[in-house]
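Here the structure comes first, spelled out in structure tokens, and everything after it is commentary.
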Amino acid sequence: MARTLLFLSADTFRAYLWKGSMLSEAGTFTNDADGRTRFAAFLEQNRQPAYLLTDIIEEDFHLEAVPHLIGPSRRDLLERKFEQYYRSTPFRQATLVQRLSEGRRDDEFLFSALTNPQRIWPWVETLLANHIPLVGLYSIPIISTPLLQRVTSEHVLLLTWEKSAGLRQTYFNNRRLHFSRLIPITNDTSFAQAVVGETPRTQQYLRSLSLPPAGEVLDVHIICHGTDRAELQTRLSNDVDLRYTYLDIVEFAKQRKCRHEFVDSDATPLFLHQLATRAPTAHYASPVHTHFYLLWQLRRLFIGLAAATTLAALVWSAFSFWRGREFAGETEQLQARIEQLRRQTQQVQAGFAGTSVPATDMKTAVLLARSLNEYSPPPKEVLENLSLVLEEYPRVKVAKLAWQSSAADAAPSPYPAQVITFDGELTEFGREHRQALTYLERFQKALVQRGYVVTAQTLPLDVSSKGSISGDIGVAGKPAQFTLKIIWRHPS
């Protein structure tokens, strides 16, 4: 995605274009009405999101421990601190450094601000007037922290040179920014001379703040070109409190996939590449300054949602079209089947004999015929369940079977009942009369469970209270005869 990178130093304001991971300078603008007019014309042609990077002297840092609060209470506390330290500038921020492990366990914050808003505001105002989406307002110290990811030292003084700004010295404790200072370099002073002259002064200032603590080493990391490194190594020497490390800017840039060709120690392209690829979330711009960037993000979100909706609609339309084609094919088959049935119906109707009987009378006759069929059910329907029960009770043999229709036994069915007279024999009756009668009783219950109404007319032995004990015991093993009245009613 194309971006506009703006770099503001003490004396210059430059614009760069970022396209396809390549950085190109687009123009330099003077800090006057003519320069801002030319900058507005530049923005008319380049309306992509903009990042504003500053490297100016007027940047202040203040480290302070405050009570640990959350939510609105923390926000109100930070606002009071801003009014206390940086009332005159809107370009300010508070970064949580750490939570202390002793005492009240307060929060240690780094308060920082760009204290000369008059130097910055005209350019920000031009961006807002042209509705340019400003992503954020950054400074060199803010975007320097990720450069130390692979550095293991606890106390680091990072030295970089920006040709249009000067020598930047930034102190980190455990990769956390504590303070930074910019030393302008005049034309008659080289980068190596500035490093040699200013580093002892910065070390003395840090000692006054007990940074690093006594007995610990201050590691000075210098990002420089090979030509400057040779001179620095001859003029700088390590001691018990100070140790120098030289980071070749060409190799350092390659590790971060920066394609710029470095001919000197100017680290401005490196920082711009860092800003374009890994912009930190913390910056000095307020929500008022980034208002149009929020609108730009919402616009892209809505465009993405519209594209997703359109794609989903296209997929659904394609699926519906495919299903429609499939339904159309099925409809054609059904239409052909309907046409075939219509022709067959016409053929059947053509074969009917001529008659003057109305259709309603024919319908009535058919319904009456169906009802009459219910009055004389087929034997299979009447005797099927009886056959199934006989298979379950092999000792019961059929001697004679007869049935007849009976309207008197039909209720509650509207059709006549079928009364079956079952003359049977019970084999192995012998002398175990009780077991044999129990077997016969289970046979009757099984018939009842199948839907029959069963009444015993004669049994091998009459053991009821109303009859006399009678029966033909006969010879052991001879079948005992009995007669059952079985009523079958129509299921309806």
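The values are calculated or read from the model by the stated rules, or taken from the named source; none is laboratory data. Just so you know, these numbers come straight off a predicted model, no measurement behind them. Cβ coordinates were reconstructed from backbone atoms using ideal geometry, including for glycine residues, and neighbour counts include every protein chain displayed. Side chains included, ligands, DNA and RNA excluded: accessible areas come from the protein's heavy atoms. Shrake-Rupley method; radii C 1.70, N 1.55, O 1.52, S 1.80 Å.
Structure above, values below:
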{"quantity": "Answer from 292, 271 - the residue that is in contact with a helix residue (DSSP H, G or I) (Cβ under 9 Å, 6 or more places away or on another chain), over 30 Å from residue 167 (Cβ atoms) and touching a residue at least 40 places away in the same chain (Cβ under 8 Å)", "calculated": "292"}
{"quantity": "Filtered residue count, region 206-224, keeping only those that are in contact (Cβ under 8 Å) with a residue 24 or more places away in the chain and open to solvent by 30 Å² or more (accessible area, probe 1.4 Å)", "calculated": "3"}
{"quantity": "Contacts under 9 angstrom Cβ, first residue in region 387-400 being closer than 7 Å to residue 424 by Cβ and in contact (Cβ under 8 Å) with a residue 12 or more places away in the chain, partner open to solvent by 80 Å² or more (accessible area, probe 1.4 Å) and not in a loop (DSSP other than H, G, I, E, B), 6 or more apart", "calculated": "399/481"}
{"quantity": "Selected residue (criterion: modelled with the highest pLDDT) from residues of region 229-248 that are among the β-branched types (Val, Ile, Thr) and not in a helix (DSSP H, G or I)", "calculated": "245"}
{"quantity": "Filtered residues of region 131-150 (kept if open to solvent by less than 10 Å² (accessible area, probe 1.4 Å), hydroxyl-bearing (Ser, Thr, Tyr) and farther than 23 Å from residue 2 by Cβ)", "calculated": "139, 144"}
{"quantity": "Boolean, residue 88 is farther than 26 Å from residue 296 by Cβ, assigned to a loop (DSSP other than H, G, I, E, B) and either aromatic (Phe, Trp, Tyr) or touching a residue at least 12 places away in the same chain (Cβ under 8 Å) (or both)", "calculated": "yes"}
{"quantity": "Selection count, region 325-374, where residues are open to solvent by 100 Å² or more (accessible area, probe 1.4 Å) and closer than 30 Å to residue 401 by Cα", "calculated": "3"}
{"quantity": "Residue tally, condition buried (at least 18 other Cβ atoms within 10 Å of the Cβ) and either in a loop (DSSP other than H, G, I, E, B) or hydroxyl-bearing (Ser, Thr, Tyr) (or both), over region 117-130", "calculated": "1"}
{"quantity": "Residue match in region 46-60 (condition: free of Cβ contacts under 8 Å to residues at least 40 places away in the same chain, in a loop (DSSP other than H, G, I, E, B), more than 23 Å from residue 128 (Cα to Cα) and open to solvent by 20 Å² or more (accessible area, probe 1.4 Å))", "calculated": "no"}
{"quantity": "Which numbered condition residue 163 misses (of (1) free of Cβ contacts under 8 Å to residues at least 40 places away in the same chain; (2) under 21 Å from residue 270 (Cβ atoms); (3) over 45 Å from the mean Cα position of the chain (by Cα))", "calculated": "(1)"}
{"quantity": "Residue in region 294-307 that is open to solvent by less than 90 Å² (accessible area, probe 1.4 Å), closer than 23 Å to residue 126 by Cα and in contact with a strand residue (DSSP E or B) (Cβ under 6 Å, 6 or more places away or on another chain) present", "calculated": "no"}
{"quantity": "Among (1) among the hydroxyl-bearing types (Ser, Thr, Tyr); (2) under 17 Å from residue 122 (Cα atoms); (3) surrounded by 17 or more Cβ atoms within 10 Å (Cβ to Cβ) - the single one residue 12 does not satisfy", "calculated": "(3)"}
{"quantity": "Search result, residues across region 27-41 that are surrounded by fewer than 17 Cβ atoms within 10 Å (Cβ to Cβ), hydrophobic (A, V, I, L, M, F, W, C) and closer than 27 Å to residue 300 by Cβ", "calculated": "40, 41"}
{"quantity": "Out of 326, 251, sole residue that is assigned to a helix (DSSP H, G or I), more than 39 Å from the chain's Cα centre (by Cα) and free of Cβ contacts under 8 Å to residues at least 12 places away in the same chain", "calculated": "251"}
{"quantity": "Where residue 99 falls short, out of the listed (1) exposed (fewer than 15 other Cβ atoms within 10 Å of the Cβ); (2) closer than 30 Å to residue 2 by Cα; (3) in contact with a strand residue (DSSP E or B) (Cβ under 6 Å, 6 or more places away or on another chain); (4) not polar (S, T, N, Q)", "calculated": "(2)"}
{"quantity": "Condition met for residue 417 (over 60 Å from the mean Cα position of the chain (by Cα) and open to solvent by 90 Å² or more (accessible area, probe 1.4 Å))", "calculated": "no"}
{"quantity": "Which numbered condition residue 6 misses (of (1) in contact (Cβ under 8 Å) with a residue 40 or more places away in the chain; (2) within 26 Å of residue 293 (Cα to Cα); (3) open to solvent by 60 Å² or more (accessible area, probe 1.4 Å))", "calculated": "(3)"}
{"quantity": "All positions within region 376-412 that are under 14 Å from residue 488 (Cα atoms), touching a strand residue (DSSP E or B) at 6+ places or on another chain (Cβ under 7 Å) and open to solvent by 90 Å² or more (accessible area, probe 1.4 Å)", "calculated": "403, 404"}
